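Visitor: One structure follows; several queries about it will come next.
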Amino acid sequence: MKKKMLVRFLLLALALTMLTACGKEKKNKKTLEEFYASEEVQEKLAENMKAVSPQYYYYYSNVEIEVVGNEMIYKYTYRNNKVLDQDSLSDALGPQAAELIQKLGKNTGVTDDITIRYIYYNPDGTEIANVAFYDKYQPPKMN
């Protein structure tokens, strides 16, 4: 059950990578924040959040995405109290976060260090998990 829930958490992250492929805004931004601040991306983000909301809001009372510099922060507030094992969470989210970092770098043109952070809260606002993944986009080598 926990694995299924973790996979669902990632659907939003993966949906966001599709945003990075949209429009003229996509390439050669200095930061993720600059990219996500564009009106076109904000509109697409709102559409995607609305589309995935029904499945997320079964588990969560609130889902937020914040981008500061080159850090993308996913904030999830559970509807009911939970206890999460941070090591298991890191193991489960790590491969997908690495893939997301590569896609974001490729599709936005951001080549500086990118961080993906997942923060989970209980309904009372108590932080129950905070995991971050760091990497640098590596463009493919040309032969």
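Visitor: Quick one: which of LYS30/LYS103; LYS44/LYS75; LYS44/LYS103; LYS82/LYS106 span more than 25 angstrom between C-alpha atoms?
Guide: Beyond 25 Å between Cα atoms: LYS82/LYS106.
Visitor: Order these peptides, 101-114, 77-90, 32-45, by their mean beta-carbon neighbour count within 10 angstrom, highest first.
Guide: 101-114, 32-45, 77-90
Visitor: Next question, about the same structure. Taking the radius of gyration and the Kirkwood hydrodynamic radius from Cα positions alone, what is the Rg/Rh ratio for segment 57-143, to two decimal places? Walk me through the intermediate numbers first.
Guide: Numbers: Rg = 14.8 Å, Rh = 14.0 Å.
Dividing the radius of gyration by the Kirkwood radius yields 1.05.
Visitor: Across the Cα atoms of segment 42-98, what radius of gyration and what greatest pairwise Cα-Cα distance (Dmax) are found, in Å?
Guide: Expressed in Å, the Cα Rg and Dmax of segment 42-98 come to 13.1, 35.
Read the figures in this text as sums done on the coordinates, not as results from a lab. Just so you know, these numbers come straight off a predicted model, no measurement behind them. Because the Cβ atoms are built from the backbone with ideal geometry, glycine has one as well, and the counts that use them run over all protein chains shown.
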